[in-house]
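The values are calculated or read from the model by the stated rules, or taken from the named source; none is laboratory data. Here the structure is a predicted model, which means the values were calculated and not measured. Using ideal geometry, Cβ is built from the backbone for each residue, glycine included, and neighbour counts are taken over all protein chains shown. Please note that ligands, DNA and RNA were not included when accessible areas were found on the heavy atoms of the full protein model with its side chains. Shrake-Rupley method; radii C 1.70, N 1.55, O 1.52, S 1.80 Å.
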Amino acid sequence: MVVLPSTYLGSIEYFANLAQRGGECVVDIHEHYIKRSERNRAQIMTANGIMPLSVHVVNANRPRTPMHKVRIDYSKRWQHQHWVAIVSAYRSSPYFEHYAPLIEPFYSAHYDSLVEFNTALTSRLMQLLGIEGGLHLSEEYVEAAAGDIDLRIKKRESHFDSPHYFQLFSDRFPFEPNLSVLDLLFSEGPAAIDFLRRCRL
């Protein structure tokens, strides 16, 4: 079994696991929320280097809040800021115009919970990438057994190895292997699924 956290604009490693091990993956929505993690944060490449994008949540500092109870905070214009950053970073990429209209609606719609937003956005990205099957959400906290792969753990041994693909701004920054899957999708388009299947996990 592969235990995944609920993520915002998940990484290439995250989606490579879904592409290669989809039937074995379960998204744990009953674990405790961890701030400054992929649960509400993603990384994109911009003309100025890597930029983190963070979804604002209510009571972010409250300890031991289960993920499925974390609410999104719309008091600040983070959706607008994120979409402006994504457009600025990727509008020159080969497949931006093809996929952007299918992603942009997530930056005007309101979702009550972080899990609801992450699940809807991840499902859309899976569809665009050609990853078959839906997301399997846990009904309770998932206890990982020996031999299971647990991507919830921050400091874990990872064997992830990504082939190179063309990245914008490669003339000024070295290749970054594990950005948000948006970076791969906008660069590789329909070929992204083959790339995900070639990643070493």
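Applying the selection to segment 80-95, what residues are in a helix (DSSP H, G or I) and either open to solvent by less than 20 Å² (accessible area, probe 1.4 Å) or in contact with an Asp or Glu (Cβ under 8 Å, 6 or more places away or on another chain) (or both)?
Start the filter on segment 80-95 by keeping residues that are in a helix (DSSP H, G or I), which leaves 80-90.
Of everything in segment 80-95, those that are in a helix (DSSP H, G or I) and either open to solvent by less than 20 Å² (accessible area, probe 1.4 Å) or in contact with an Asp or Glu (Cβ under 8 Å, 6 or more places away or on another chain) (or both) turn out to be HIS82, TRP83, ALA85, ILE86, ALA89, TYR90.
Scanning segment 131-165 for residues that are at pLDDT 90 or above, open to solvent by less than 70 Å² (accessible area, probe 1.4 Å) and either within 23 Å of MET1 (Cβ to Cβ) or assigned to a strand (DSSP E or B) (or both) turns up ILE131, LEU135, LEU137, SER138, VAL142, ALA144, ALA145, ASP148, ILE149, ASP150, LEU151, ARG152. Pairs are defined by a Cβ separation below 7 Å, a sequence spacing of at least 6 or placement on different chains, a first member in segment 66-88 that is charged (D, E, K, R), and a second member that is in a strand (DSSP E or B); the pairs so defined are ARG71/VAL57; ARG71/SER113; ASP73/VAL57. Within segment 40-57, residues that are farther than 19 Å from THR122 by Cβ sit with their Cβ atoms under 6 Å from residues that are part of a strand (DSSP E or B) and among the aliphatic types (A, V, I, L, M), at 6+ positions apart or across chains, in these pairs: MET51/ILE44. Within segment 63-74, is there a residue that is within 21 Å of MET126 (Cα to Cα), of a type in the set (D, E, K, R) and open to solvent by 60 Å² or more (accessible area, probe 1.4 Å)? No, that holds for no residue. Within segment 166-176, is even one residue open to solvent by less than 80 Å² (accessible area, probe 1.4 Å) and in contact with a Gly (Cβ under 7 Å, 6 or more places away or on another chain)? Looking for residues that are open to solvent by less than 80 Å² (accessible area, probe 1.4 Å) and in contact with a Gly (Cβ under 7 Å, 6 or more places away or on another chain), one finds at least one in segment 166-176, hence yes.
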